[in-house]
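Structure first, then comments.
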Amino acid sequence: MAFSYRANVWGVLGAFVLFFAYAWLMLLSPDMWTSPDEAAVAYVARSGLMTTAPFADDLGGLVSPRSLKVIRGMYVPSSWVGLPFILRQLVVLGVPFFVSILLIPALAVAAVASWKGIVARVCGRSDVGWVAAFLLALHPGWWHYTLRGLHPNVPFVSLLLCGVWCWMKSHETKRPWILAGIGGMLFGIAIFLRAIESVLLIPLLFVALIFVWIRASRPVRASLKMPIASAVVGFLLPLILMGFVHEHIYGSPFASGYNRASDPIPGLAVDVSITPKTAWLTRVPTVLFPFGVHELNTLRNVWKFHVIFFWPWMLLFLFGVGWLFMEKNRGVRNLKPIFWIGAIVAMYLLVEYGSWEFHDNPDTHAVTIGTSYLRYWLPISVWMTLFASYGLVHALRILSARWRAAVLGFGAFGLLLTSVNAVILSYPEGLLDMRAVLSVNRERKAWVGSLTTERDVI
């Protein structure tokens, strides 16, 4: 009881520390952003999902800021619309914009707490859950892209983790259908934020539902009917809303900012069809692998931006997987299916995004923490911490309590220094450098604004 109380106290204190570590850049620079995608989300949240585009009659879709496009003479998001839509609704309800964006770091903290509970439940040990939460909370990719919170990747993964935790806790309540419905809704909102992941996520959820149903006994199945129905309804509601929003903005429930063409430039014959007029079967490979499949490119990118970049986490993961398959404990039966399913998902994500070349930095040879691969592969990074924590905790059982505490303390300090160096001190996309760049950009913005009017085009 005393240990549980102390752990909960430290957990609450850790949550506060994490929130401010994750929200620091937003708190210091709520009006400047480090990428065009973030700036577009902020603009839409403040101004509206559709705003009048200047020169639309004369120049069609020729003039628009990066990450926005012109459709029917209006500026609309050219990427996934879920996050700007949610932030816009908060602003409409009277929440100040600089307060609404703090939802992202708060959601990331809730995800870390949910991951602690999920891992502890799966492994049957609370200490494994604490270590997994620590490894996730300090993971450089997770930390960096929570700081840059107007990318949808961290909110997407956070909603999935919170949704799984709701499903796990639902059967412990008197009305399990409530938490089950909330969990389903969180999954639906996650797809609203990144609709491209529905190609993978919806089949996974369907398989998980069948697996749970088959394994349950007949009396248990009867009690599962209402929670499953509630989860399905909760899941579908955000998707229906997403369809209406896409219809309103892009002209079709199945169109998005990525596949909807901008207005044609006057005088030019431009095809503005929403989807290509080809057979559905010929589009399946493009849906599954939008960047094609390029094996050597994938290997290079995985090595540079995942294996080498997060080498301490990678070593712990490999050690944990090795320990898992060498151990004869009956308790590992839950972990092995999770490993194989996760490995299949990881392979798909690595090939899907690793096949392409993303150059987020002007130096095309730079390997920096702000490269897009890191955020696209965040689900893999989360999955890896489960096995890293399992192997670490179980291997340390051979040590005395004093040596175990010493090894954990030294290792935690080493990982903290590694993350601080990557997230805060690294050049050119560490927190300190980003903060300095935003300060300069603020001065340049004021200078340009003093020389131009609203009708000027740069």
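The values are calculated or read from the model by the stated rules, or taken from the named source; none is laboratory data. Since the structure is predicted, the reported quantities are computational estimates derived from the model, not experimental observations. All Cβ positions, glycine included, derive from the backbone under ideal geometry; neighbour counts span all protein chains shown. To get the accessible areas, we keep the full protein, side chains included, count just its heavy atoms, and leave off ligands, DNA and RNA. Shrake-Rupley method; radii C 1.70, N 1.55, O 1.52, S 1.80 Å.
Here are a few things to note about the model shown:
- Normalised by residue count, the chain yields a Cα convex hull volume of 175 Å³ per residue.
- Crossing angle, helix 198-215 versus the chain [Cα axis fit, 0-90 degrees, rounded to tens]: 30 degrees
- Relative to the dominant Cα principal axis of the chain, helix 103-123 is inclined by about 30°.
- Under the Karplus curve 6.51 cos²θ - 1.76 cosθ + 1.60, θ = phi - 60°, whole-Hz ³J(HN,Hα) for the range 26-40, x wherever Gly or Pro sits: 5, 5, 7, 9, x, 10, 10, 10, 9, 8, x, 4, 5, 4, 5
- Helix content alone sets the calculated 222 nm mean residue ellipticity of the chain: runs of n ≥ 4 DSSP H residues at -39500 (n - 2.57) each, divided across all residues, give -21500 deg cm²/dmol.
- Listed residue pairs exceeding 30 Å between alpha carbons, taken from LYS116/LYS336; LYS225/LYS328; LYS116/LYS225; LYS174/LYS328; LYS304/LYS328: LYS225/LYS328; LYS174/LYS328; LYS304/LYS328
- The accessible surface of the chain, taken with every protein chain in place and a 1.4 Å probe, is 71 percent carbon and sulfur.
- Prolate/oblate/rounded label for the range 32-109 (Cα gyration tensor, a/c 1.5): prolate
- For LYS69, residues with placed amide H under 5 Å, excluding near neighbours: VAL76, SER78
- About the Cα centre, charge dipole magnitude for the chain (Lys/Arg +1, Asp/Glu -1 at Cβ), debye: 2100 debye
- Taken one residue at a time, the phi angles of the range 77-92 give Karplus couplings (6.51, -1.76, 1.60, θ = phi - 60°) of x, 9, 10, 5, 9, x, 5, x, 5, 5, 5, 5, 5, 5, 5, 4 Hz. Gly and Pro are set to x.
- Set of aspartates and glutamates near LYS69 by C-alpha distance (under 17 Å), chain-local residues within fewer than 8 positions excluded: ASP37, GLU38, ASP57, ASP58, GLU247, ASP263, ASP271
- Summarising the amide proton neighbourhood of THR51: residues at separation of 5 or more, or on other chains, whose placed amide H is nearer than 5 Å comprise TYR75.
- Average Cα contact separation per residue, the range 146-242, under 8 Å, 6 or more apart, as relative contact order %: 38 percent
- Farthest toward positive dipole pole in the range 355-439 [+1 Lys/Arg, -1 Asp/Glu at C-beta], among GLY411, SER426, TRP383: GLY411
- Our summary gives the chain a relative contact order of 17 percent, counting only alpha carbon pairs under 8 angstrom and 6 or more residues apart.
- Shape category assigned to the range 307-381 from the gyration tensor of Cα positions, a/c cut at 1.5: prolate
- If only the Cβ of Lys and Arg carry +1 and only the Cβ of Asp and Glu carry -1, the dipole of the range 37-109 around its Cα centre is close to 120 debye.
- Accessible surface, per residue, of the range 360-458 when the full set of protein chains is kept, probe 1.4 Å, Å²: 57 Å²
- Accessible surface, the range 21-100, averaged per residue in Å² (probe 1.4 Å): 42 Å²
- Cα long-axis angle, helix 401-420 against the chain (0 to 90 degrees, to the nearest 10): 10 degrees
- Rounded to the nearest 20 debye, the dipole magnitude of the range 48-197 is 340 debye, with +1 charges on Lys and Arg beta carbons, -1 on Asp and Glu beta carbons, and the Cα centre as origin.
- q = 0.12, 0.25, 0.26 Å⁻¹: log10 I(q)/I(0) that the Debye formula gives for the range 103-167, counting C-alpha atoms only: -0.27, -1.01, -1.07
- For ALA216, the amide hydrogen comes within under 5 Å of no other amide hydrogen, counting only partners 5 or more places away or on other chains and with H modelled in the peptide plane.
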